[in-house]
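Engineer: Sharing a structure, written as structure tokens. Questions coming.
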Amino acid sequence: MFRLWGKLWKDNRLIKDTVICDDSKDSRTHKIFRGLEEICYEFDLENPIWLDNVISDFKRHSRARFYQDSFIEQITFDYLEIQVIEED
């Protein structure tokens, strides 16, 4: 079971969260991208852009934060955070 936790933060408070589960046999990368798409769909957001600093943080910590610079449209929260909480 692969689980990805998505969280919206504003003023150091968690305002919305969800967990996406994936039992498919796809690669970890595909599961992450698909999970992020599902999180963004549930939160009614556009998909963020993976900037170099986001990619390096995710590789090191299995956690990434998407700030305003990762979104084309204006956001009403401080950042979107995704975190891998369970892997096969």
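Read-outs: derived from the displayed coordinates by stated rules, not from any lab. From a predicted model like this one, the values you see are computed outputs, not experimental measurements. FYI the Cβ positions are ideal-geometry reconstructions off the backbone, even for glycines, and counts take in every protein chain you see.
Engineer: Given the -39500 (n - 2.57) contribution per DSSP H run of 4+ residues, what per-residue ellipticity at 222 nm results for the chain, rounded to the nearest 500 deg cm²/dmol?
Structural biologist: Only helices count here, giving -9000 deg cm²/dmol.
Engineer: Same structure, new question: List Lys16, Lys25 from most exposed to least, where exposure is judged by having the fewest other Cβ atoms within 10 Å.
Structural biologist: Lys25, Lys16
Engineer: What FRET efficiency comes out for the pair Glu87/Asp11, r = Cβ-Cβ distance, R0 = 30 Å, nearest 0.05?
Structural biologist: Efficiency for this residue pair is about 0.45.
Engineer: Relative to the longest principal Cα axis of the chain, at what angle does helix 52-61 sit, 0 to 90 degrees, rounded to 10?
Structural biologist: Orientation of helix 52-61: about 50 degrees from the principal axis.
Engineer: Cα extents of the chain along the three principal axes, largest first, in whole Å?
Structural biologist: 35, 25, 21
Engineer: Please give every one of the lysines within straight-line cross-link reach of Lys59, meaning a C-alpha to C-alpha distance under 20 Å, and leave out same-chain neighbours fewer than 8 residues apart.
Structural biologist: Filter leaves Lys7, Lys31.
Engineer: Let me ask you something else. Cα axis of helix 28-42 to longest principal axis of the chain: angle in degrees, 0 to 90, nearest 10?
Structural biologist: 40 degrees
Engineer: Quick one: order Leu14, Leu8 by neighbouring beta-carbon count within 10 Å, fewest to most.
Structural biologist: In order of increasing Cβ crowding within 10 Å: Leu14, Leu8.
Engineer: Arrange the following residues from fewest to most other Cβ atoms within 10 Å of their Cβ: Ser62, Ser70.
Structural biologist: Final ranking by Cβ density, sparse to dense: Ser62, Ser70.
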